[in-house]
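Note sheet for the following structure.
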Amino acid sequence: MPARPGERRLQILRALAQMLEEPRGEKITTAALAARLKVSEAALYRHFASKAQMYEGLIEFIEQTLFGLVNKITTEEPSGKRQLESMVSLLLGFARQNPGMTRVLIGDALVYEDGRLQGRVNQLHDRLEASLRQALRFAVGQGEIDGTADPTARANLIMSYVVGRWHQYAKSGFKRDPMEYWSGQRAELLGDR
């Protein structure tokens, strides 16, 4: 029975993400990826023109997942403060559930790859920060959090916190839970009244 269209691409991306979950963080080669899948390197290149395209596939998955959930939060949650809390919990929880993807989010997996991939991840971070800033402005407007701090600066602080927690998680070999201190740090970080 032949595979459905796109099924092999998905298998390749899953295998790549699984390889990124290995705590040693070694460079992943197409030969090692092909060996894991028990196919030839040529078989990989029938589905992706380059290894960079494979990483782009992972980045697209991350973008679709995170922004799909962020949009759901902003649409369904009327409280700006709870939007913020939910977004940060989402970002930290996504890392916990997807250790290999965390290495992509912090750029660790992209060090030896095409520079445009890191640019795309940077753009993803900027978009996430913009979503946080929008929720912050909404929460300030509702009087739910202190409005004396600049929303742009606070959104940057929150995003820096998230990226820092991602780094600690990845650099600890996925042992330090990214949500470890979130409940205790939430009030101070978000500027609760």
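None of the figures in this text is laboratory data; all of them are computed from the coordinates on show. Source: prediction; values computed, not measured. All Cβ positions, even for glycine, are placed from backbone atoms using ideal geometry, and neighbour counts span all protein chains on display.
Details
- Choice from R127, R165, R103 showing the highest fluctuation, given a GNM over the chain with Cα pairs closer than 10 Å: R127
- The value of relative contact order for the stretch 51-190, using C-alpha pairs under 8 Å at least six residues apart, is 31 percent.
- I145 long-range amide H proximity, modeled H, under 5 Å: V140
- Note on the chain: GNM, Cα springs under 10 Å; of Q134, Q142, Q118, the largest mean-square fluctuation is that of Q142.
- For the stretch 25-86 versus the stretch 111-174, the spacing of their alpha-carbon centroids is 18 Å.
- CD proxy at 222 nm, helix term only [per DSSP H run n ≥ 4: -39500 (n - 2.57); per residue of the chain; nearest 500]: -23000 deg cm²/dmol
- Exposure proxy order (Cβ contacts within 10 Å, fewest to most) of D126, D177: D126, D177
- ³J(HN,Hα) computed for each position of the stretch 131-141 - Karplus, 6.51 cos²θ - 1.76 cosθ + 1.60, integer Hz, glycine/proline x: 5, 5, 4, 5, 5, 4, 4, 5, 5, 5, x
- Rounded to the nearest 20 debye, the dipole size of the chain about its Cα centre is 560 debye, using +1 on the Cβ of Lys and Arg and -1 on the Cβ of Asp and Glu.
- Environment charge at G119 (Cβ cut-off 14 Å; Lys +1, Arg +1, Asp -1, Glu -1): -2
- Structure-derived percent of Cα pairs over 27 Å apart - corresponding label in [x] 40; [y] 35; [z] 22: [y]
- Computed from phi, the 3J(HN,Hα) profile of the stretch 30-40 under the Karplus parametrisation 6.51, -1.76, 1.60 (θ = phi - 60°) reads 5, 5, 5, 5, 4, 4, 4, 8, 6, 9, 7 Hz, with x in place of Gly and Pro.
- Comparing Y112, Y161, Y55 in a Gaussian network model of the chain (Cα springs below 10 Å), the most mobile by mean-square fluctuation is Y112.
- Per-residue Cβ neighbour rank within 10 angstrom, fewest leading, S183, S131: S183, S131
- Shown in residue order for the stretch 143-158 are the 3J(HN,Hα) couplings computed by the Karplus curve 6.51 cos²θ - 1.76 cosθ + 1.60 at θ = phi - 60°: x, 7, 9, 4, x, 6, 7, 5, x, 5, 5, 5, 4, 5, 4, 5 Hz (x for Gly and Pro).
- Which of M87, Y112, H125, positive extreme of dipole for the stretch 85-152 (C-beta unit charges): Y112
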